1. State the volume of the convex hull built on the alpha-carbon positions of the stretch A:5-132, expressed per residue in Å³ and rounded to an integer.
2. Quick query: amide H of A:THR6 versus all other amide H atoms, modeled in the peptide plane; which residues come in under 5 Å with a sequence gap of 5 or more or a different chain?
3. Given Cβ point charges of +1 (Lys, Arg) and -1 (Asp, Glu) and nothing else, what value in debye, to the nearest 20, does the dipole of the stretch A:5-132 about its Cα centre take?
4. Where both partners of a DSSP beta bridge lie in chain B, what percent of those bridges are antiparallel, to the nearest 5?
5. How many percent of the alpha carbon pairs in the stretch A:540-614 exceed a separation of 15 Å?
6. If I take the Cα coordinates of the protein assembly as shown and project them onto the principal axes, what are the three extents in Å, biggest first?
7. State to the nearest 20 debye the size of the charge dipole of the stretch A:222-367 about its Cα centre, where the only charges are +1 on K and R beta carbons and -1 on D and E beta carbons.
8. Hey, if you put +1 on the Cβ of every Lys and Arg and -1 on every Asp and Glu Cβ in chain A, which of A:LEU8, A:ALA176, A:THR470 ends up farthest toward the positive end of that dipole?
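Every number in this text was worked out from the coordinates using simple rules, so none of it is lab data. Please read all numbers here as calculations on a predicted model, not as lab measurements. All Cβ positions, even for glycine, are placed from backbone atoms using ideal geometry, and neighbour counts span all protein chains on display.
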Amino acid sequence: MTDFLTDLGGWKVATEDFLAAVLSVAGQPIWVVDPDGRIRFANPAAITALGYDSADELFGRHSHETIHHHHPDGTPYPAAECPMLLPRATGETVTRDLDWFFRRDGSMFPVSYVSVPIDMPEGRGAVVAFTDIEERLRAEAVLRERDAILDQEQASLRRVAAVVAGGAASGEVFAAVTCEVAKALELPFVEMSRYEPDGMATVLGAWGEWPHPFEAGTRLALDGPTISARVRDTGRPARIDDLADVTGALAETVRSTGIRSAAGAPIIVDGRLWGVMVTGSTQGRPLPRDVEQRLAGFTELVATAIAQSQAREDQQRLADEQAALRRVATLVAGGSTPAAVFAAVAREVGQLLDLPLVEMCRYEPDGTATVIAAAGEHPFRVGTSWTLDGPSLTAQVRRTGRPARVDDYADVPGTIGAAARGGDVHTGVGAPIVVDGELWGVVSAGGGRGVRLAPTAEIRLSQFTELVATAISNTQAREDLQRLAAEQAALRRVAVLVARGVDPPAVFHTVCEETARLLGATSVNLAHFTEDGMNETIAGWSVRQTHVPHGTLLPLEGDTINALVHRTAAAGRFDSYEEASGELAALLRTQGIRAEVGAPVVVDGRVWGALIAGTDEPEPLPAGAEQRLASFAELVATAVSNAAARAELVASRARIAEAADEQRRRVVRDLHDGAQQRLMQAVITLQRAAASGADPAEHRDLVEQGLEQTRSAIAELRELAHGIHPPILTHYGLAAAVEALADRSPVPVRVEISEDRYPASIESAAYFVVAEALTNVAKYAHASTARITATAEGRAFVVTIADDGVGGATPAAGSGLAGLEDRMAALDGSLTVHSPRGGGTTVRAEIPLPER
Amino acid sequence: MAVRLLVVDDDSRFRESIARALSDRGYDVIEHAANAAEARNGVSRMRPDAILLDVNLPDGEGISLARELISGDGSLRVLLTSSDSAAAPARLVRQSGATGFIAKDELLASDLSRYLG
């Protein structure tokens, strides 16, 4: 080797040595080829890479023939085509990214190289530096493989995404998903299930290379530490490489299908652990290392799809529900009957909540519930009556007044629970029907086995029951209105009769008939309770001749509504005459009357009689009948009172007329017996005096006698005139006239009467009351003083005559005061006597004054 | 000197007979009046000493007429009368200023000088 020097930054080194040193440490295989293509030099790295032990094995050998003689596919590789040798000819650098060299042992390996021309004394050679790229190629291949797998997985994910996006998260979708996942991850079995609130899991879909028992819909009990249980407990992906020791029935089942290892990832929807995706593999096919993470990629997609699907479902369900509510509300607004509304509700609820077994019950006062409408095949038939023992829906709603649910009738004791189980009703919700603020009844909707109650099912049901309640309320309101209108019309008809003063018997008969029709009674009677304790039937009407005949007179005792009303003076009812005692009750039974209601007819504060409605049918008259009867009883009372008043008026007038006649007769008699007699005598006496001749004494005597008799006549006439109407009263008023009376009274009388004048009839009535009272004071009172007042008090003229005598006066019939009562009545006035024994007597007359 | 007397009554027959009876007793019956208007007229024209006055006049009531005439001449002596003995309330008679009341059928049996002078 020539001895050249290289300048390394001022430091001179022997070029050869330097070169040799550099080449020997270089990690990159390098050799030098001479112009003939022979290997003149190879560094240790090149020797090692080519599989040789020493440089001697290579030196002098033709490089191409040694290491580059064939193509990888076995075809020969002529040296002229060798790119490494080109720089000798062209003087240009050549690079190749991929080529193949042969090792000493004949094996090929991939390389990349660069060949650089180099001038040598003999000509141009080349320096070649190459790199063994076998590792790199292998690494690239692995990466490519992995990329391919990833691409496949992405494609699978996209396919799954497309599937779940296309439709609701349904059984078909779940099956498709599990199939895709199994294929993408090359797993023999994949299953998806949803966690239930009761701790079980429901299989949504599964795919396996071989038959397995995990059909969609299967409910799994997560006993034992299976993958599903682990994921549920931790909320994280998990794997079990050997299921041999896992306890529990589920693990048994899993092992029975041949699965020996399992992995799972959680499905988390809206932050909540919703379900799990599980995969299993058999003996000899261990699960891939990262399968649980790769599963998680899929479960995320599925979770999103489920969330979206649920959201869509929710919206759809909301829209459906609103539409359903609107349909039912339209019926209600249109005045549909409760039965029609219920049928519509049952239909809608059956579809919306998937609870097709619907019934509507009314709560009865005795604590039971009666089914009044039903839909679907179940044991709660229309008309049946149920006791509310046990925590059934019906009982719960009754107790709380709020919606209720029964998740499983297996746990419900009591009559209804047993019937439900027997009728294959497994679950249900109930909502109250509240009509006008009162708990009226309940609507229950139930489903059979396999039906799952949505969390808010009872609330959703209650929206429908509100509409039912409205329909019932409307119907009741309509019925109430109709009944009220009918009642008012009937009352008006009777009132008109009463006002017109139609004969009482006609009024009574009409009342009986109207009452019967209005109350739906089969018979109505009007009874009068006489003074001596008898029950007199004075009117009646019936559909089938069951009323008590007019004129029947029986003792008012025993167990009858008549006796009850008489005793209590209040409306009442008698629901059964079966065991009732007494003649009247016996008669009622004979007539066929089974139950009655009655209301009192009250006249002047006394129970005059009763209006009684009865029925010959098994059902007693409905609640409230006795109150409605009372309105008619009042009209009867008015009619009776009017009739009595009219009769009294007629009698009073008759008495007054009679009294006037009597007075006239008395005047004529008194005139005849009194004054007329006296004047006759006077005439005779004076005639004798005229004929007496010469005797002056006899003449004078006779004239004196005649004078005396005449004066007697005057006195008699005066008395008579005074008895009819005293002149002082006419000319000087009540005060003066009463004073004159007081002067004549043997008992000292104080008179306090104003000088005001009043209508003649009032002054006259007052004067004669005072006159009569003073006469009684003089005759009976044994009084020491008396006081008379007369003055206007408001709208009446009030006269009082009070004495301090012995009292105990009663205006006996025919006495002077009694006679004055008629005169008072004629003026619409009143006369009262207050005379406690030993406490003096006060007579008080009140006469209404005319309007000013 | 005879008492000059005015007789007031709507009944002419009574007026005639009582006037004759009173004349016999020494009274000078100077005038008759048949009603309240004539009575007032008579009093103002003739200035009588005494009046016999029926309480029931067609155009007035005697007691109040008496009060009226006496208030015009306090020396007048007025005796009220009526065919009805209970026709004049005692208190009113007193208050009117009249000297008294005597029923017609008692007049001739009474001492009239007490009332008429």
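1. Taking the convex hull of the Cα positions in the stretch A:5-132, it is 111 Å³ per residue.
2. A:VAL13, A:ALA14, A:THR15
3. 60
4. Among the beta bridges of chain B, antiparallel pairing accounts for roughly 10 percent.
5. Percent of Cα pairs beyond 15 Å in the stretch A:540-614: 53.
6. So the extents along the principal axes, rounded to whole Å, are 236, 87, 47.
7. So the dipole magnitude of the stretch A:222-367 works out to roughly 480 debye.
8. A:THR470
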